[in-house]
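Coordinate-derived values only; no laboratory data. It should be emphasised that the depicted structure is a prediction, and the values quoted were computed from it without experimental measurement. Neighbour counts run over all protein chains shown; Cβ positions are idealised from the backbone, glycine included.
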Amino acid sequence: MPEKANLIIGDQTYELPMLVGTENEKAIDISKLRSLSGCITFDPGFGNTGACQSAITYLDGEKGILRYRGIPIEQIAEKSTFLETAYLLIYGHLPSQTQLTKFSQSFSDHASIHEDMKNFFNGYPLSGHPMGILSAMVCSLSGYYPELVNPGPTKEDIDKIVVQLLSKVRTICAFSYKKSIGESFVYPRPELQYIPNFLHMMFSTPKREYNIDDDVVDALRILLILHADHEQNCSTSTVRLVGSSLANLFASIAAGICALWGPLHGGANQEVIEMLQMIQKDGGNIAKYINMAKDHNSNFRLMGFGHRVYKNFDPRAKIIKETAHNLLKKKGIKDPFLDLAVKLEEIALKDSYFVERKLYPNVDFYSGIIYRAIGIPLNMFPVMFAIGRMPGWIAHWKEMIEDPATKIGRPRQIYTGELRHDYIPMDQRPK
Ligand code: CMC
């Protein structure tokens, strides 16, 4: 492996240093390129640009590998809890029993939101999308915890804000759901663990306590863990970019939630079910929709298919498909959308268009089937993704602000607009 890369521009050769990661990923360090050569690099969509060095998550899209802090996702999904996974991502190692107990207990202490914040929910129309409400509420937390949002937080401040956010986010999500169906808010119960407490706040009513079902809790555990981090994706990069200005954690994560909402990112789980609904209504004509997805003029894409990084298979999708089948079987649920999704996948995976472009089901293709089985409404699907991704966003924000090499994120551009010309007074402009 050479230690330097030579870049030739015209008759000049520039020697650029190389970086190598622990998994032998190679990068040309162009951080001095502009001052050396006057040139910048051009990489729309950042497909070839490393924005940071990170020790949190490793993924190899060609081989379908995903690891959190070095541990394969398959092992974590099988053996860990969501809180333990959050600890692993944020603090860099698996917790001891004492550390985990302390971490879990602090969640019960901080599950409630400030009573005044409840008024915000009443200001939204019933039709307000819960992702918009979630983002606004998370940003609003900065107004309620001013002591935690100073630039240059101490280690203790960071520990406190991490727990406040992770714990309160499920309360905010459940409250926004209750608001959307016009039901009273249900308060968290301190004796319940993370996922059962969320289900309780979502589905209990003042008159009827939700019956916590272990199979449902387990399916949700797997889903949240699989969504917990995915290195420099669109929303995580957003969190890092916003946080690089020293914006506080709540503000940075609120921006990440907005980025996740888009249909090409975390909003895709909602889009998949809407697509299946559309296909079903149209008589189950899969071939028609496959053809539409292949036609670039149709503006239709197979939602839940394709990934910027995975070019073989998405290991998360594999586990989620299996979990969906298991949960439906255990609960005796027949969901016609599962059969439709399986058929769609089978047909697409044999089609040369998808094969040649290496398009496979991603994390969003089957997750909606599980949410439906649990009774989570369609517009809450991206919110579930956001709850799951919270530890990853926090871990990246923490890694970034603790790294002395961090600089404010500020890409450059190639200007393609008008050359200099003078201001034209109104009476001289064309009518
Ligand atoms: N259906 C049909 N064609 C597709 C699809 C799709 N879902 N995805 C990519 N393509 C085609 C695309 O038209 C292009 O074709 P061509 O080479 O002929 O121009 C080729 O495949 C490469 O696509 P791209 O848009 O350059 O790939 P990208 O890396 O920029 O986009 C993606 C990745 C995930 C945005 C895209 O695959 C997509 O839009 N998928 C559907 C939305 C979706 O499921 N998003 C969830 C992503 S996973 C969860 C997360 O982490 O956010």
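Quick notes on this structure:
- Given charges at beta-carbon only (K, R positive; D, E negative), |dipole| of the chain in Debye: 620 debye
- Residues considered: PRO382, PRO391, PRO72. Largest GNM mean-square fluctuation over the chain, using C-alpha springs under 10 Å, is found at PRO72.
- Note on the stretch 406-431 and the stretch 148-178: Cα centroid distance 41 Å, given to the nearest whole angstrom.
- J(HN,Hα) series, the stretch 234-245, from Karplus relation 6.51 cos²θ - 1.76 cosθ + 1.60, nearest Hz, glycine and proline x: 4, 6, 5, 4, 5, 4, 5, 5, 5, x, 5, 7
- Most mobile of SER180, SER96, SER80 in a GNM of the chain (Cα contacts under 10 Å): SER96
- Neighbour-limited loop hits for chymotrypsin sites (Phe, Trp or Tyr not before Pro), the stretch 33-63 (at most 11 other Cβ within 10 Å; DSSP other than H, G, I, E, B): PHE42
- Neighbour-count ranking [beta-carbon atoms within 10 angstrom, fewest first] of ARG34, ARG170: ARG34, ARG170
- Global geometry of the chain, whether rounded, prolate or oblate, following the gyration tensor of its Cα atoms and the 1.5 cut on a/c: rounded
- Gap separating the Cα centres of the stretch 309-335 and the stretch 184-214, nearest whole Å: 25 Å
- Estimated purely from DSSP H runs of n ≥ 4, each contributing -39500 (n - 2.57), the mean residue ellipticity at 222 nm for the chain is -16000 deg cm²/dmol once divided by its residues.
- With a simple spin-label model that places each label point 7 Å from the Cα along the Cα-to-Cβ direction, the separation between GLN97 and LYS63 comes to 3.5 nm.
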